[in-house]
Structures are given as C-alpha cells and as structure tokens.
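These notes concern the structure reproduced below.
The values are calculated or read from the model by the stated rules, or taken from the named source; none is laboratory data. Since we're looking at a predicted model, the values are computed, not measured. Quick reminder, even Gly has a Cβ in these numbers, built from the backbone with ideal geometry, and neighbours come from all protein chains shown. Calculation scope for accessible area: heavy atoms of the full protein, side chains included, ligands and nucleic acids excluded. Shrake-Rupley method; radii C 1.70, N 1.55, O 1.52, S 1.80 Å.
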Amino acid sequence: MASGVKAYSNGKNKNIRLYVCKDYEALSKKAALIVAAQVNTKPESVLGLATGSSPVGMYKELIKLCKEGSVDFSKVCSYNLDEYFPIEPTNDQSYRYFMNENLFYGINIPLDCTHVPKGNAADIKKEAADYDRAVANAGGIDLQVLGIGGNGHIGFNEPTDTFILPTHVVDLKEDTIKANARFFASIDDVPKRAISMGIGTIFAAHSIVLIASGKAKAKAIKDTLEANVNPQVPASILQLHQNVYVVIDEEAASLLNEYKPE
Ligand code: F6R
C-alpha cells in the first residue's frame, strides 16, 4: 500500500475497493499505480480516459513512470469519455488538445491508437454510433478512468430520469455552459453540445477507477457509494459493477459513513 493511503470496504458493495488518500498527490500516485498495473499485466490494454482537473496529477505520475521505464504504453490504445461539439481538435479547449498536452505527448503511446470522439464530425450521431462500435471492435475497455461532477455526473451523463446507455450527443445544461465559460474567452464561445460515452459504454468496462478530490466532491461521493442506485446520481450505477476502485482524498471522503477500514 502506498504511504498515506487507507483501504476500506463495506458489506453492501464488496465489489468496490475504496482507497482514501491523505491528499491529491497521494491519490494521484495510487491511481497511477492502478493504471500502470493494468498495463504491465496486459501490455495491449484498452484504456478509457477522462479529462478535467481530477486526473491531471495521475497523468503526470504516469508520464514519470513511463520515462523511468516502469510502464510501457507502446501497445496500449485508448478511448476518451467525451468531447465538446462542435469543436476542432486543434482548439486549445478541446478534450483532444487536453489529452495530447496532459498525457499522450509525455508517454510512448502511438498517437494513432488514441481516440477522442471527433467534435468536428460532419454527422455527430453517426460518430457516436461509430465510437461504440470502435470500442467493441477493440475488445472493450479493460480499465476506465472516471472523474465525477459535483452532481454525480460521469462523462457528460448528467442527472436524468433514465440512464442513457450508448455514446450519444448531449445538449449541455445552462449551468454546465456557465461553469465551463471560465475556460473560454466568452460564454458565447462555449460549445452548446457535447458527445459522451453513455452509461452502458462506461459500465461495460472490465474495471473502473473513479478519482475525486476536495470537499466539493464529498456529497457526490457519498451519494455514489451510499444512496440507492438511481439516474439522478449517474455514478451510483457503479455500485452494480463488479470491479471498481474509488480513489479519493480525505476531504472527498468526509461525508462517508458506511465504509470501514479493511
Ligand atoms: C471529463 C469528464 C467529466 C469530469 C467531471 C469532473 O472527461 O467526463 O465527467 O470527469 O466533470 O471534472 P473535474 O475533474 O475537473 O472536477
């Protein structure tokens, strides 16, 4: 066990291994070790990847591990969760650009084996269907990395009345557009739609690592692990998955009451 990491389990969700880490640095290292172990066990792994601030430390750690020869991504391929629409991949706000800068350029993964939904596709609905087919043709996702929104969203799967299963086009909510405006020159520049893996695409992954840090995520983590499974908390579906790691810091764990030290 890495230092500053405590392992927990509970009777209800034996399939979920919860690691509570001292801080963001410790959780980034722990999550990176899970990804590296996956790739070292199966060099031709298919990874599902996320953008956002949560995985940035883990990606830095993976770059370090790769440069020192502890993990080799040369046979790995990857599929990202989501992308804005419409957006060009060269736009510095695109998730493709983010992945290139924060991970792909720093490791030895062949760039043509990395996949991010095409935010500039002429037919975005076809792109969504093609994306699920491509994931299936690659043999499915071995390990999916997830962040989580303060409202329990995963990918761009926001709280709804039913789980949306396949990769699909999303009309972004006004709140999300406002929240994302901080990254753009003006709110009018924020794309109004996105393409996202669906809950079914995510759930089909063989294993999943969810990472979260900070107080702002504590309620979402509590609802994900302790509320009844329901589409108003999209991440709660993970309670039904067979192989989930939840790697969080003490602040994100601060509202949990059901988990006990292993
Ligand atoms: C990113 C993604 C989102 C983020 C979530 C948390 O590809 O799909 O669901 O994981 O919004 O974002 P951060 O990590 O920035 O708090």
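Packing around the peptides 120-128, 96-104, taken as the average count of other Cβ atoms within 10 Å per residue, puts them in this order, highest first: 96-104, 120-128. Straight-line reach from LYS173: taking Cα to Cα under 20 Å and skipping same-chain neighbours fewer than 8 places apart, the aspartates and glutamates in range are ASP82, GLU83, GLU158, ASP161, ASP188, ASP189.
Evaluating kT/(6 pi eta Rh) at 25 °C and 0.890 mPa s, with the Kirkwood radius of the chain over Cα pairs in the Stokes-Einstein relation, gives 133 µm² s⁻¹.
As a fraction of the 1.4 Å probe accessible area of the chain, surface on carbon and sulfur atoms comes out at 53 percent.
Unpaired cysteine residues in the chain (no second Cys Cβ under 4.7 Å): CYS21, CYS66.
With a cut-off of 14 Å between beta carbons, the residues surrounding ALA26 carry a summed charge of -1, where Lys and Arg count +1 and Asp and Glu -1. Each of VAL244, HIS168, ALA220 was placed along the dipole of segment 16-261 (beta-carbon charges, centred on the mean Cα), and the one lying farthest toward the positive end is VAL244. Comparing ILE208, ILE63, ILE154 in a Gaussian network model of the chain where C-alpha atoms under 10 Å apart are linked, the largest mean-square fluctuation is found at ILE63. When you restrict to C-alpha pairs under 8 Å that are six or more residues apart and normalise by the size of segment 169-262, the relative contact order lands at 28 percent.
Taking a straight Cα-Cα cut-off under 21 Å and skipping sequence neighbours fewer than 8 places away in the same chain, the lysines within cross-link reach of LYS6 are LYS14, LYS22, LYS29, LYS30, LYS215, LYS217, LYS219, LYS222, LYS260. Here the 3J(HN,Hα) profile of segment 178-187, calculated from phi with Karplus coefficients 6.51, -1.76 and 1.60 at θ = phi - 60°, is 5, 4, 7, 4, 4, 8, 10, 4, 8, 4 Hz, Gly and Pro shown as x.
Applying Stokes-Einstein at 10 °C and 1.306 mPa s to the Kirkwood radius of segment 86-224, computed over alpha-carbon pairs, gives a translational diffusion coefficient of 97 µm² s⁻¹.
Contact order for segment 16-261, expressed relative to its length and based on alpha carbon pairs under 8 Å spaced 6+ residues apart, stands at 25 percent.
As an exercise, find the ratio Rg/Rh for segment 143-223 from alpha-carbon atoms, using the Kirkwood inverse-distance average for Rh.
0.98
Near the amide H of VAL170, within less than 5 Å, lie the amide hydrogens of ALA194, ILE195, SER196, all on another chain or at least 5 residues away, with H placed in the peptide plane.
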